[in-house]
Amino acid sequence: MRTQKNSPIIGIAICLFILTSCVIKDSPAPGCRKTIGFPSMGGCSGKTAIVDLEVTSAPNCVIISANNCNGGVLNIRNTCTDTLTLNGVEIDPSDSVNLDAKLVDDAAEWTRAHGNFSDFIPEEDTRFELTGAIGTDPIQIVFTKTKLLCQ
């Protein structure tokens, strides 16, 4: 008869796996989440986030989401046949970009982000609005970029 010598190790591994998924402090900023057990291995460490994202009048071929992995950028994917223009930024058909916002003299400026990293950390929660169009269809995007949610 054969005995299971590894069963305590397997039991401990299962307990650790379960504990690593127990969130004790949730946050839209991945760098501010606290869990029991090992730290997350995902590589997301942003301490600011995009919240309250509202998209008005976007056709189904335009996909807009918040990527809060490393500070909060807008991920915009244009699968339409026309170019999408938002506050002067052009996004060609079949193109996907991350846009980062920043304030310059109290006015919003938009730049293409390098990956999912945001360079902008507002001193207080800041509401942003992008307007534009795809073809003749208007699009409006409104969201809030948070201040640091933790240190």
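For residue 147, the criteria (1) modelled with pLDDT under 95; (2) surrounded by 12 or more Cβ atoms within 10 Å (Cβ to Cβ) hold in every case but one, which is (1).
Hey, can you tell me all the residues within segment 66-94 that are under 18 Å from the mean Cα position of the chain (by Cα) and farther than 16 Å from residue 146 by Cβ?
Matches in segment 66-94: 75, 76, 77, 78.
In segment 71-90, the qualifying residues are those that are of a type outside the set (A, V, I, L, M) and out of contact with any Pro (no Cβ under 8 Å at 6 or more places or on another chain), and the one that is surrounded by the fewest Cβ atoms within 10 Å (Cβ to Cβ) is 88.
Yes/no matrix, rows are residues, columns are (1) surrounded by 18 or more Cβ atoms within 10 Å (Cβ to Cβ); (2) not acidic (Asp, Glu):
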{"position": "94", "(1), (2)": "no, yes"}
{"position": "100", "(1), (2)": "yes, no"}
{"position": "112", "(1), (2)": "no, yes"}
{"position": "124", "(1), (2)": "no, no"}
{"position": "129", "(1), (2)": "no, no"}
{"position": "132", "(1), (2)": "yes, yes"}
{"position": "136", "(1), (2)": "no, yes"}
{"position": "139", "(1), (2)": "yes, yes"}
{"position": "143", "(1), (2)": "yes, yes"}
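Of the numbered criteria (1) in contact with a Lys or Arg (Cβ under 7 Å, 6 or more places away or on another chain); (2) closer than 16 Å to residue 143 by Cβ; (3) not aromatic (Phe, Trp, Tyr), the one residue 96 fails is (2). A search for C-beta distances below 8 Å between a residue of segment 127-151 that is among the aromatic types (Phe, Trp, Tyr) and any residue that is buried (at least 19 other Cβ atoms within 10 Å of the Cβ) and modelled with pLDDT under 95, counting only pairs 6+ apart in sequence or on different chains, returns 128/101. The set of residues in segment 44-93 being in a loop (DSSP other than H, G, I, E, B), on the phi > 0 side of the Ramachandran plot and not small (Gly, Ala, Ser) consists of 87 alone.
Every residue, every condition in (1) of a type in the set (Phe, Trp, Tyr); (2) assigned to a strand (DSSP E or B); (3) closer than 11 Å to residue 72 by Cβ; (4) touching a strand residue (DSSP E or B) at 6+ places or on another chain (Cβ under 9 Å), yes or no:
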| residue | (1), (2), (3), (4) |
| --- | --- |
| 102 | no, yes, no, yes |
| 109 | no, yes, no, yes |
| 120 | yes, no, yes, yes |
| 124 | no, no, no, no |
| 129 | no, yes, no, yes |
| 142 | no, yes, no, yes |
| 151 | no, no, no, no |
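The values are calculated or read from the model by the stated rules, or taken from the named source; none is laboratory data. What you see is a predicted model; the values in this text were computed from it and never measured. With ideal geometry, Cβ positions are generated from the backbone for all residues, glycine too; neighbour counts draw on all protein chains shown.
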